[in-house]
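The values are calculated or read from the model by the stated rules, or taken from the named source; none is laboratory data. The model shown is predicted, which means the values in this text are computed figures rather than measured ones. Cβ placement follows ideal geometry from the backbone for every residue including glycine, while neighbour counts extend to all protein chains displayed. Keep in mind that these areas ignore ligands, DNA and RNA; they rest on the heavy atoms of the full protein, side chains included. Shrake-Rupley method; radii C 1.70, N 1.55, O 1.52, S 1.80 Å.
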Amino acid sequence: MAQLWGGRFTKNTDKLVYEFNASILFDKRFFKQDIEGSIAHVVMLEKQGILTKDEKNAIVKGLTEIREEVEAGTLSITEEYEDIHSFVEANLIERIGDAGKKLHTGRSRNDQVALDMKLYTRLEVLQTDLLVKELLLVLQEIMENHLDTYMPGFTHLQKAQPITLAHHMGAYFEMFKRDRLRLKDIYFRMNYCPLGSGALAGTTYPLDRNYTASLLGFEGPTLNSMDSVADRDYVIEFLSALSTIMMHLSRFSEEIIIWNSNEYGFVEIDDAYSTGSSIMPQKKNPDIAELVRGKTGRVYGALTAILTTMKGLPLAYNKDMQEDKELTFDAIDTVKNCLTLFTGMMRTMTFKKDVMEKSAMMGFTNATDAADYLVNKGVPFRDAHGIIGRLVLYCIDKNTSIDALSIEELKEISQVFEPDVYDAISLETCVKKRLTIGAPGMDAMKEVLKRNREYLDDEWQDDEPTE
Ligand code: ARG
């Protein structure tokens, strides 16, 4: 047991208590951020005359070595330390002696862990954003290729009106675009540095918090030391954004599962992204989509858990907050995996243009357009609605579609029908006429694709995120 705080204790910690309290098994994940924060801290301490240049140099060198050795696998982070902060400090002291004992001057583990978690989360916000962008690029490509792939649009999972595959994909494009905006928003709101807040009430050392904040790429320091060590809003906001991403991925997965079913056959998931059955040789299952849908619950769970953990905590730091880590890490891993796999599945998917088109032709998706046709010939809409309703009933009885009826059959139901009706209610016309921005008509979609391209070129991240 290696602890930083033995001084006022006369007994050793009970073994079970030690294990229950320790966080090394999971906070080792942000050892790089811990070291990065410590380096910024000592650089600032030296600038402020709190450490000598030699002390600073020795500490920075020692910390850098620790990072390199852990990365190279020659130094392992073991359970004999309570947490990552103890591991780093103990190793530093072992390595460089007394100077190492000055690392924690003017700092508490409370502001230290607040910083580590923030640095880690900040990087993950950027990396998640890039993965969402990858998915958008794939969606954009599908859209460009399927401007005239007709398919039924649904409401209540009943065929409603004809749309195109590009239009359907475009709906998800908008959702994921909003997800990126949420991430961007979180990034800017969270980007203030808690380091220098001490345990809760700042410190008596003349720290330069602006300087540390700028060294670590923050907008500036946080402005209340109690809030700084007690704030996990950004974790909750991130989990909320991740939950929304999962909600979108899950809806999308659900549609892919339906489209991939034998009954629909709109798409075929690539062999590389499907799985088989141990008993039924004919099976090719959409397990990836199902898992993405399934894992959504787990990400919502993390959000609910942390909201609940935080809700009763008095200011400032409480150990309850240690619970933020495992859940957040798991949620981040889950969402990143889901995004990567989902994107790969979409990239390799085959769209069955002819099946989709046939499906759009059956099921009366042009019924609204047929009613509009009558309206254009002077029939009041409510009457037109009734006429087409009767026509649909007739077609159901004959197991056919409106456009397959002869002009005589049509005229029997309404004299207003003329041969130009066939063009007016063809799939192509039904889609083509929908030209308001946001609608599936070709020209409207082309405009959207152009705006999407501009959006995809306009980057808010300056560079690839680095650790
Ligand atoms: N492992 C702790 C956490 O994750 C680090 C902070 C410990 N601070 C304390 N006062 N015990 O929250």
Checklist outcome for this item: Over all viewing directions the Cα convex hull of region 291-335 casts an average projected area in nm² of 3.0
Item to check | GluC sites (Glu not before Pro) restricted to region 236-312 and DSSP loop, no more than 14 other C-beta within 10 Å | outcome: GLU263
Checklist entry - Rounded, prolate or oblate: which fits region 272-401 when a ≥ b ≥ c are the square roots of the eigenvalues of the alpha-carbon gyration tensor, with rounded for a/c under 1.5 and prolate only if a/b beats b/c? => result oblate
Next on the checklist: Ignoring solvent entirely, what values of log10 I(q)/I(0) come out of the Debye formula for region 334-413 at 0.13, 0.23 Å⁻¹ when each Cα is a single scatterer?
Outcome noted: -0.56, -1.08
Next on the checklist: At a threshold of 8 angstrom on Cα-Cα distance, excluding pairs fewer than six apart, so keeping six or more, what relative contact order does region 258-370 reach in percent?
Outcome noted: 35
Checklist entry - Taking the Cα atoms of region 241-316, what is the range of coordinates along each of the three principal axes, in descending order and whole Å? => result 59, 25, 19
Next on the checklist: Give me the base-10 log of I(q)/I(0) for the chain at each q in 0.13 Å⁻¹, Debye formula, one uniform scatterer per Cα, rounded to two decimals.
Outcome noted: -1.15
Checklist entry - Excluding ligands, DNA and RNA, what is the solvent-accessible area per residue of region 313-444 at a probe of 1.4 Å, expressed in Å²? => result 50
Item to check | Packing-based ranking, highest mean first, of 422-431, 273-282 given that Cβ atoms within 10 Å are counted | outcome: 422-431, 273-282
Next on the checklist: Could you work out the relative contact order of the chain? I mean the mean sequence separation of Cα pairs under 8 Å and 6+ apart, divided by the number of residues, in percent.
Outcome noted: 16
Next on the checklist: Can you give me the Kirkwood hydrodynamic radius for region 1-61, using every pair of distinct Cα atoms, in Å to one decimal?
Outcome noted: 14.2
Item to check | Projected label distance in nm at LYS284 and MET247, using a 7 Å step from Cα toward the beta-carbon | outcome: 3.4
Checklist outcome for this item: For the chain, the percent of accessible surface on carbon and sulfur atoms (probe 1.4 angstrom, ligands and nucleic acids excluded) is 52
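Which of the peptides 390-403, 193-206 is most tightly packed, and how do the rest follow, judged by the mean count of other Cβ atoms within 10 Å per residue?
Top of the packing list down: 193-206, 390-403.
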Item to check | Relative contact order (%) - criterion: Cα under 8 Å, at least six apart; region: region 133-270 | outcome: 18
Checklist entry - Among 332-341, 49-58, how do they line up from the highest to the lowest mean number of other beta-carbon atoms within 10 Å? => result 332-341, 49-58
Item to check | region 116-125 - phi-based ³J(HN,Hα) in whole Hz, Karplus 6.51/-1.76/1.60, Gly and Pro as x | outcome: 4, 5, 5, 4, 5, 5, 4, 5, 5, 4
Item to check | Relative compactness, region 81-212, computed as alpha-carbon Rg over 2.2 N^0.38 Å | outcome: 1.77
Item to check | Accessible area per residue, Å², region 93-207 with all protein chains present, probe 1.4 Å | outcome: 38
Checklist entry - Per residue, how much space in cubic angstrom lies within the convex hull of the C-alpha atoms of region 303-358? => result 106
Checklist entry - What pairs from LYS61/LYS319; LYS353/LYS377; LYS15/LYS319; LYS377/LYS433; LYS133/LYS450; LYS32/LYS102 go past 25 Å between their alpha carbons? => result LYS61/LYS319; LYS353/LYS377
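Once you have the alpha carbon radius of gyration of region 129-206, what is it after dividing by 2.2 N^0.38 Å, with N set to its residue count? Numbers along the way, then the final one.
On the way: Rg = 22.1 Å, N = 78, 2.2 N^0.38 = 11.5 Å.
Here the answer is 1.91, to two decimals.
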Next on the checklist: Compute for region 152-266: radius of gyration divided by Kirkwood radius, i.e. Rg/Rh, restricted to C-alpha atoms, rounded to two decimals.
Outcome noted: 1.27
Checklist entry - Shape of region 50-125 from its Cα gyration tensor (a ≥ b ≥ c, root eigenvalues): rounded if a/c is under 1.5, otherwise prolate when a/b > b/c, or oblate? => result oblate
